[in-house]
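What follows is one structure encoded as C-alpha cells, with my remarks underneath.
The values are calculated or read from the model by the stated rules, or taken from the named source; none is laboratory data. From a predicted model like this one, the values you see are computed outputs, not experimental measurements. Using ideal geometry, Cβ is built from the backbone for each residue, glycine included, and neighbour counts are taken over all protein chains shown.
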Amino acid sequence: MSISRLGQLLTIAPDYIAISRGRHDMRHPVDMTRYQRVGLHHQRGWLQVKLNGETVMHRCVFREEWPAGDFHGGNPLRRTQFGQFGDSGRSYWRSVSYALGNPNLPDFKWTWQAAAGAYPDQYQRERMIQLHGNHPAQAPWPDHGYSSWIQREDGSIYLVDYSNAGDIADTAHLVGLTIDLEDIR
C-alpha cells in the first residue's frame, strides 16, 4: 500500500507489515495469512499505520517528497495504490476505502467491497480495450499511446497507436487496426 508523494511504502508480508522509506524500515509482527484491517492515515506531517484500528507504527513525514507523476509505473512511492506490486506473490482483499481531504479541492472518497462481485477497476474493465500494451518492466521504459482514429463510412473505426513494445531501445513503431462496432458492443 502506498500514498503518493509521501515516499512511504507499506509492505505486507506473511508474518509482518513494514513501513519503508529508503533504507530505513520499521516492522511490526503480525499474522497476515489471516484477514486483518490495515490502514494508512496521513495528516499534517504525521503518518500512522493502523492494524485493526490500533496504531502500531508511526512516522513524521516532513514534506511531500515525490512529485505525483509516475508515467512508467515503476515506482510505487509515487502512486496511491494497494495490491500486489511486481510480478510475484499474491494478496487478497475483502475491502478497500480511500478518503482524501484537500483544502483547495473537494474531498474525495472511494470504496470497494469484494462481496459486491466487481473488480476495483470495474469501470475501466468494462470500457477499455487494450490494443498493444507494454509491460511496465520493459527496458528502458514502456512508451505507448498517442492514439488517433477515424470512423469510416461503413461505421468501422481505424485506429493507430504508437508503441515501443518489443522494440530495441530508442525505437518504436505504429500499430494500426480496424475495429468493427460489433466488437465493442
Across region 139-165, what is the number of residues that are part of a loop (DSSP other than H, G, I, E, B), touching a strand residue (DSSP E or B) at 6+ places or on another chain (Cβ under 9 Å) and exposed (fewer than 14 other Cβ atoms within 10 Å of the Cβ)? 1
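Listed here are the residues, each with its yes/no results for (1) outside any loop (DSSP other than H, G, I, E, B); (2) in contact with a strand residue (DSSP E or B) (Cβ under 6 Å, 6 or more places away or on another chain).
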position	(1), (2)
103	no, no
106	no, no
110	yes, yes
118	no, no
123	yes, no
129	no, no
Long-range neighbours under 6 Å by Cβ, at least six apart or interchain, first residue surrounded by 10 or more Cβ atoms within 10 Å (Cβ to Cβ) within region 80-108, second at pLDDT below 75 and outside any loop (DSSP other than H, G, I, E, B): 80/3; 85/76
Taking region 26-55 on its own, how many of its residues are in a strand (DSSP E or B) and among the small types (Gly, Ala, Ser)? 1
